[in-house]
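Working notes, beginning with the structure itself.
The values are calculated or read from the model by the stated rules, or taken from the named source; none is laboratory data. Computed from a predicted model, the values in this text were never measured in an experiment. No Cβ is skipped: glycine too gets one built from the backbone with ideal geometry, and neighbour counts run over all protein chains shown. In case anyone asks, the SASA skips ligands and DNA or RNA and just uses the protein heavy atoms, side chains included. Shrake-Rupley method; radii C 1.70, N 1.55, O 1.52, S 1.80 Å.
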4 protein chains.
Amino acid sequence: MMSPRVWSSVRQGLSRGLAPNVRGLASGEGRKVDIAGIHPPVTTPFTATAEVDYGKLEENLHKLGTLPFRGFVVQGSTGEFPFLTSSERLEVVSRARQAMPKDKLLLAGSGCESTQATVEMTVSMAQVGADAAMVVTPCYYRGRMSSAALIHHYTKVADLSPIPVVLYSVPANTGLDLPVDAVVTLSQHPNIVGMKDSGGDVTRIGLIVHKTRRQDFQVLAGSAGFLLASYALGAVGGVCALANVLGAQVCQLERLCLTGQWEDAQKLQHRLIEPNAAVTRRFGIPGLKKTMDWFGYYGGPCRAPLQELSPAEEEALRVDFTSNGWL
Amino acid sequence: MMSPRVWSSVRQGLSRGLAPNVRGLASGEGRKVDIAGIHPPVTTPFTATAEVDYGKLEENLHKLGTLPFRGFVVQGSTGEFPFLTSSERLEVVSRARQAMPKDKLLLAGSGCESTQATVEMTVSMAQVGADAAMVVTPCYYRGRMSSAALIHHYTKVADLSPIPVVLYSVPANTGLDLPVDAVVTLSQHPNIVGMKDSGGDVTRIGLIVHKTRRQDFQVLAGSAGFLLASYALGAVGGVCALANVLGAQVCQLERLCLTGQWEDAQKLQHRLIEPNAAVTRRFGIPGLKKTMDWFGYYGGPCRAPLQELSPAEEEALRVDFTSNGWL
Amino acid sequence: MMSPRVWSSVRQGLSRGLAPNVRGLASGEGRKVDIAGIHPPVTTPFTATAEVDYGKLEENLHKLGTLPFRGFVVQGSTGEFPFLTSSERLEVVSRARQAMPKDKLLLAGSGCESTQATVEMTVSMAQVGADAAMVVTPCYYRGRMSSAALIHHYTKVADLSPIPVVLYSVPANTGLDLPVDAVVTLSQHPNIVGMKDSGGDVTRIGLIVHKTRRQDFQVLAGSAGFLLASYALGAVGGVCALANVLGAQVCQLERLCLTGQWEDAQKLQHRLIEPNAAVTRRFGIPGLKKTMDWFGYYGGPCRAPLQELSPAEEEALRVDFTSNGWL
Amino acid sequence: MMSPRVWSSVRQGLSRGLAPNVRGLASGEGRKVDIAGIHPPVTTPFTATAEVDYGKLEENLHKLGTLPFRGFVVQGSTGEFPFLTSSERLEVVSRARQAMPKDKLLLAGSGCESTQATVEMTVSMAQVGADAAMVVTPCYYRGRMSSAALIHHYTKVADLSPIPVVLYSVPANTGLDLPVDAVVTLSQHPNIVGMKDSGGDVTRIGLIVHKTRRQDFQVLAGSAGFLLASYALGAVGGVCALANVLGAQVCQLERLCLTGQWEDAQKLQHRLIEPNAAVTRRFGIPGLKKTMDWFGYYGGPCRAPLQELSPAEEEALRVDFTSNGWL
C-alpha cells in the first residue's frame, strides 16, 4: 500500500490540473492514465416514454461534478448499456464529456460480445471523448470463455484501442469471473492499465494486486460494500454505484483510507454496506434510480424489462437508508 | 401424449403443403403455427476474415433441406447471434428464407436485452420472412428478471409481433430459467405458441406440458440429449444442434418416439448423448463447426472471442463420435 | 430397454417367491440381487419426545407391505439417518426387516463420511438383515471428492461388504454428483449392482445406462418426478419418497411403463410431479410426514433442527395434492 | 474498530494470565469468554494404519504452544471430525487440553447434524476441558435449514451448553451460509459469544460486526486469506489453517493489524494468500498435512476417502510456498 503522504500528493497533482493531458498522452505512446480514486458509474436517465433524457444526464453530472471524484464511468452496468443502441451509447458518452468537469476522467464502457464489435465501440468511444475504456468480459458463451479466449479478446482490444483499457469483471451480471491468471497476463500489456473487480472477493483482489505488483496495474473495487477492504488490500479506488447518491460519503471513506484513519473508516464503511447492497444486488438499478430521486438527482424510470419497485420494495429500500442514518 | 396415429396425420398434413399458409394465417388473426418436429439451429458460416459467408449458409441449407425437418432455427444461440450486427442478423434470416424449402418453418431468434429492441427485431424478422420468433430471455440484469418482469417483457413482444412467438429458456447461456409460473401465464397469450427449453430438466418440461394442457401450447426440447425423454413427457419436437450433423438420426429418433417404438428409440438416444454433449456443452460452437466439416457441411471458424479447438479437444470430440459408431 | 414381456416375467418370478433366496446368494459368491422395481424410502417415525417410535415404524411397514413394491429403502435421506445414532440406525433396520414381508428387498442406507465407518456400518447392516447396502457419497470434504477418491471409497466398501452395494448420488443433500466416469468404473465391481440417482438429470441417467450396458448394472431413479423419463432411458425402477403416500399410483406408473402404455403413463406422471416436488425438494421430510398423516400412515414430527411446516406451507402442500386430484 | 492501544492492553491482560479463569467464569453465569486472537484449527494425526496418533497430536501442540496464539480449535473441519467416532472426538479434545499451555483457549468443534446430538456432544466437550464450543451449521437437509430452523438449533444448544458457544459457518463444506439475520438474532443470546465465518465475504463480515455492535459479539475470520480485511472490518481474530505451518507469520499479521501498521500488514497478507489457498480450498487437508511435514510438524496421512496428493499436486503446493518466499 502506498503511504498516505504519497497518495495525497498524487491526488493533489491530479486536482491541480494534470489530468486534462492524460487523454492525449495515453494514446499512441502507451502512456498510462492514473485511474486512482472514486468513480460513480452514472445512470442513463430516461423520459416517461423511455427516450434517453440528455438534459437530465447533464443536470446529474453538473451536480455530481462538484464532488471530489476522480472521474465517471459512463455506460457501465449501472448505465443500462445493454438497453441502448450503439449510437445512443456514443451520444451518452459524448454528452457526458461535455457536461463533466474537464479534469475528471471519463471511463466509457465499451464491451460487446464479439471482439470485433468491442474494438469498434472502443475506438468510437475514444473519438467521442472517453479517457479510457472499461471493457466487460463477453459472457453469452461463458462455457467457452477460457483464460486463453479472454486473453485473446482483451489483447486484441488493447492492441487496437487508442485509449487505455480497464478490465471489468462483474460475475453477478455475466456469470463469469475473469480468471486471476488471465488478469496477470493481461496486466503486462502496455495499454491495459487496470481492472474493475465487482465480484466482492477481496482475497482475490489482494492476490491480483500482489501478482501484478511489478506492473503499473491499478485495481478498482467495483462496489462501495467492500471499498475499505479493497483499499486495505491495495486497490486504489472504486467504481461505486452508491456514489451516485452518497458521493460525499464514499469520497470521505476514500480519504479516511488514504490517510490511514482506519477506525473512522470502519465506522463509515459499516453504515454504507446496507445502502450499497440496496442500490446494487438487492434492488438493482430501479432501486438506485428511486434513491436518486430522494437525494436530489434525477432517477426516473428504467427501460423495460427492468420494472419499477413495488411499494414493499420501496419501503425496504428506504429502511436500508434510514436505519443507517442517511435519510 | 398424442397417439402416434394422430401425430402421423398431423405431420402428413404438414408435409402435404399446409405449412406454406401457416405464415400468413398466423399473423394478425392470432392463428397459431404448428412447430412440432425437429429444427436444427443453424450455424452462421464465416469466412477466414470473419465475414458472414452467405454462400456457405445457402449450401448448408440446401443440404439440410433434404432431411425431414419441420423447420430451421436461424439466429439461435448456435447461430452466434450475439456476435452479429442487427443488419447481419436480418440478412442471415433473409438469405436463409430464400435457401430453405418453402414448406419448412423458419424460426428466427429475435431476442435482445431490452423489450423495445426485441419488439423491433421481431417485427423486422417477420418482414424478412420468419414464420415465428424465438425469443430468448433477457439476462444481463438477471437479478431483477422476476416472473413479473419476464411476463411483462414477453407480453409486450407478443402483443406487437406480427408472427407467433416461441419462448426460449437456455440457462447455460443466460444463467436464468424462465420460471414455470411465468410460462403458464404466458401460454395463455394468443400469440405465444410454445417454448424451447434447453435446461435439460425433463421434470420441469413435464410440468410445463401438464400445466399448459388447456392451452394450445407446444414444448420443444432444446437439445438432442433429452429428446426421447421430452417426447415421453409430452414435448412435440426439438431444436437440436446435433441435427446439423446427425440430422437423419435425430429425425429417426423423432419417428421412433412418435410411432411408439420406444425400445429402438432408447438405443438410438443412448448413442446420441455423448455426440450431443460434445457439440453443445462440452466443446460449444467450435466443436459443432469442426464436426460439420467432418460430415460434409461447411463449419469454418467462429467469430472471436470463440477460439478454435485445441488438438486435444479435437481428438476428444472425435472420440465422442467414433465411440458411438458415427464416424 | 428390455421388452415389457421380459420384464413382466421377471417381476412375476420375483412375486412367486424367488426373492427370499436372493439375500443368501448375493453374499460371498458375488451373486447379484435384482433391485428392479419401486422402493419407498421409509421415514423414521418419532414420538412427541423425539424417540424412535418402532411401533409406528412397524405399522407403516405393514400397510406399505400390501403394495406391489420391490422392496424398501431403510435409512435413506428420507429416513433422517444423519439424526440417528449408529445403534438406532441398526435397530431401525432390524425392526424393519421383521415387519416387512419376507419377499421384499431391504436396501439399507449405510453411508458414513469415512470409508472405515461406512464399511463397518455396511457389515452391521448385513448382520441385521439388509439385502443390499445403499451407500451415499461422502460429501463434507466435497472439494477433494475426486473420481479417484470416490472410486477408492466405493471399491473398499464393496470389497468388504457381505451384501451387494448400490451407489447413491443425491446432490441436493450432498452438493456432489457422483461422476459418470466413476460410476462406469465402479459398475465393473462384482459386488456393486446398481445406482440410485436422485439428481434428476435423465440425460446423465441415459448415459450411465449406455456406458454400463455390458455390465449387469441397474439404475434406479431417485424420485418419482422423473420416473417415467428414467424408465424411457433404461432405468429399471425407482426409490420414490412419494411412494410412502401414493404407493399404488407410483407402482401403477411403473406398470404402465413396463407394459409400454406410454400415453397413460404420461398422464399419470404429469399428475405426480407437483405432489412429488412437495414432499421432496419443496417441503422436505416435514412435508412428507404431514402428508403421511393425511393418507393414513403415521407421519409425526421430525427430529430437530427440522421444523414443522408453517400453516401457509401446509396449505400450499395440500394444494399440490388437491389440484392434481389426489386429495 | 477498537484502537490498537486498547487491543494491546486487552491482549496483554490475557497474556498476564487472566485467561485461565475464563473457563470457570464462562459457565453457569453466562460470563463470556474473550476469543480475540489467532487460533490454529489443529489437524488430527493418524498412524499409517489410520489410528489416531495421540502422541503426535501432543508433539504438534507442544510446538505450536510456543507461538502467541490465543488458543486452538480442536475438531474443526481441519480436524477431520466427520471421520472420527464420538469417543475419538472427545479423546482428542481431552488429550489436546492436557498438551496445551494452560493459558490458551480450547475451542472444540461439537457440531452434529441433529440438535440433540449437538447438545450432548457440547456438554461432553465441556466435560473434557473445552473452553467454548464451535458449532458448525447442520447441513444435510440444507433445503430446510431456514433462519428459523437454525435459530432454533443454536438457541437450544446455547441454552443447554455449560460453555460459551461460537457459531461456525463454512459454506465450502456445508453448502450453507448462516444467514445474517439469524446471526443477529443469535448474537443476543447470553451464551453465544461470537462466530467463525469461513465464507470469505468480508462485506458480510462487516455487516455482521455492524449489526451486532450493541452485543458483546466477536467475529473471527475463518481463513488467513482474508484476515487483514476482516480486521479492517472489525473482526477480532481468526481461525486459520495456515497457522499450523506459518503460525508466527499469521500472528505477526495479527500484530500488524492491531497496531495499525497497515502497509506492512498488506505486504505480509499478500504473501500469505496463495499458501493459504493451497492448504485449504485448493489441496485441502492432504495439502496441509503434507506442508506440516515440510515445516517440522507431524502431518501424516488422512483417513479415507481423503487421498494423498499426486506428485503434480505436491509440486504445485510447493510452488505456492516457494514463490512467496516461505520455502
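Look at segment A:64-90: where a residue is under 16 Å from A:Y168 (Cβ atoms) and a partner is aromatic (F, W, Y) and outside any helix (DSSP H, G or I), sitting 6+ places away or on another chain with Cβ atoms under 7 Å, you get A:P82/B:Y140. When segment A:49-85 is filtered for residues that are of a type in the set (A, V, I, L, M, F, W, C) and within 14 Å of another protein chain (Cβ to nearest Cβ), the ones remaining, listed by number, are A:A50, A:V52, A:F81, A:F83, A:L84. Candidates in segment B:251-274 are the residues that are under 15 Å from B:A241 (Cα atoms) and charged (D, E, K, R); of these, the one that is nearest to the other protein chains (Cβ to nearest Cβ) is B:E274. Taking the stated definitions as given, is D:S146 of a type in the set (S, T, N, Q) and surrounded by fewer than 23 Cβ atoms within 10 Å (Cβ to Cβ)? When the stated conditions are applied, D:S146 passes them.
Every listed requirement among (1) under 18 Å from D:A248 (Cβ atoms); (2) surrounded by fewer than 20 Cβ atoms within 10 Å (Cβ to Cβ); (3) within 14 Å of chain A (Cβ to nearest Cβ); (4) touching a residue at least 12 places away in the same chain (Cβ under 8 Å) is met by D:R282 save one, (1). As for segment B:155-177, it holds no residue that is under 20 Å from B:E58 (Cα atoms) and open to solvent by 40 Å² or more (accessible area, probe 1.4 Å).
Results for (1) in contact with a Ser or Thr (Cβ under 9 Å, 6 or more places away or on another chain); (2) farther than 28 Å from B:G199 by Cβ, shown as yes or no for each residue.
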| residue | (1), (2) |
| --- | --- |
| B:L57 | yes, yes |
| B:T66 | no, yes |
| B:Q75 | yes, no |
| B:T78 | yes, no |
| B:A96 | no, no |
| B:P101 | yes, yes |
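Please pick out the residue among B:P305, B:P301 that is buried (at least 20 other Cβ atoms within 10 Å of the Cβ) and either out of contact with any Gly (no Cβ under 7 Å at 6 or more places or on another chain) or more than 24 Å from B:S198 (Cβ to Cβ) (or both). Answer to the selection: B:P305. Taking the stated definitions as given, is C:Q215 within 16 Å of C:A278 (Cβ to Cβ) and more than 11 Å from chain B (Cβ to nearest Cβ)? So C:Q215 fails the test.
When B:V183 is tested against (1) closer than 17 Å to B:F81 by Cα; (2) crowded, with 23+ Cβ neighbours inside 10 Å, just one condition goes unmet, and that condition is (1).
In segment C:263-272, the condition of being open to solvent by less than 40 Å² (accessible area, probe 1.4 Å), farther than 23 Å from C:L64 by Cα and touching a helix residue (DSSP H, G or I) at 6+ places or on another chain (Cβ under 7 Å) is met by at least one residue. Selection over segment B:212-243 of residues that are of a type outside the set (G, A, S) and assigned to a helix (DSSP H, G or I) gives a count of 6.
The helices (runs of 4 or more DSSP H) located wholly in segment D:89-196 that include 3 or more residues which are within 14 Å of chain C (Cβ to nearest Cβ) occupy D:115-127, D:147-160, D:171-174.
Report yes if some residue within segment B:230-248 is surrounded by fewer than 24 Cβ atoms within 10 Å (Cβ to Cβ) and without any contact (Cβ under 8 Å) to a residue 12 or more places away in the chain; otherwise report no. The answer is no; no qualifying residue exists.
Among the residues of segment C:259-286, the one identified as within 27 Å of D:A149 (Cα to Cα) and outside any helix (DSSP H, G or I) is C:F283. Remark: C:V209 falls outside the filter, which requires a residue to be in a helix (DSSP H, G or I), in contact with a strand residue (DSSP E or B) (Cβ under 8 Å, 6 or more places away or on another chain) and more than 10 Å from chain B (Cβ to nearest Cβ). Among the residues of segment A:187-200, are any without any contact (Cβ under 8 Å) to a residue 40 or more places away in the chain, of a type in the set (S, T, Y) and surrounded by fewer than 22 Cβ atoms within 10 Å (Cβ to Cβ)? No: segment A:187-200 contains no residue that is without any contact (Cβ under 8 Å) to a residue 40 or more places away in the chain, of a type in the set (S, T, Y) and surrounded by fewer than 22 Cβ atoms within 10 Å (Cβ to Cβ). All of B:L306, B:L288, B:L327 fail the test of being within 14 Å of chain A (Cβ to nearest Cβ) and touching a Lys or Arg at 6+ places or on another chain (Cβ under 7 Å), apart from B:L306.
Here's the yes/no breakdown for (1) part of a helix (DSSP H, G or I); (2) out of contact with any Leu (no Cβ under 7 Å at 6 or more places or on another chain); (3) on the phi < 0 side of the Ramachandran plot:
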position	(1), (2), (3)
B:L288	yes, yes, yes
B:M292	yes, yes, yes
B:R303	no, yes, yes
B:L306	no, yes, yes
B:L309	no, no, yes
B:E313	yes, yes, yes
B:L317	yes, no, yes
B:F321	yes, no, yes
B:N324	no, yes, yes
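When segment D:229-250 is filtered for residues that are more than 11 Å from chain A (Cβ to nearest Cβ) and not small (G, A, S), the ones remaining, listed by number, are D:V236, D:V239, D:C240, D:L242, D:N244, D:V245, D:L246, D:Q249, D:V250. Scanning segment A:67-88 for residues that are in contact with a Phe, Trp or Tyr (Cβ under 8 Å, 6 or more places away or on another chain) and part of a helix (DSSP H, G or I), we see that the one that is least open to solvent (accessible area, probe 1.4 Å) is A:S77. Within segment D:91-130, being surrounded by fewer than 19 Cβ atoms within 10 Å (Cβ to Cβ) and touching a residue at least 60 places away in the same chain (Cβ under 8 Å) holds for D:K102, D:D103. Residues in segment D:38-45: is at least one in contact with a strand residue (DSSP E or B) (Cβ under 7 Å, 6 or more places away or on another chain), hydrophobic (A, V, I, L, M, F, W, C), in contact (Cβ under 8 Å) with a residue 24 or more places away in the chain and open to solvent by less than 20 Å² (accessible area, probe 1.4 Å)? Checked against the condition, which is being in contact with a strand residue (DSSP E or B) (Cβ under 7 Å, 6 or more places away or on another chain), hydrophobic (A, V, I, L, M, F, W, C), in contact (Cβ under 8 Å) with a residue 24 or more places away in the chain and open to solvent by less than 20 Å² (accessible area, probe 1.4 Å), segment D:38-45 yields at least one hit.
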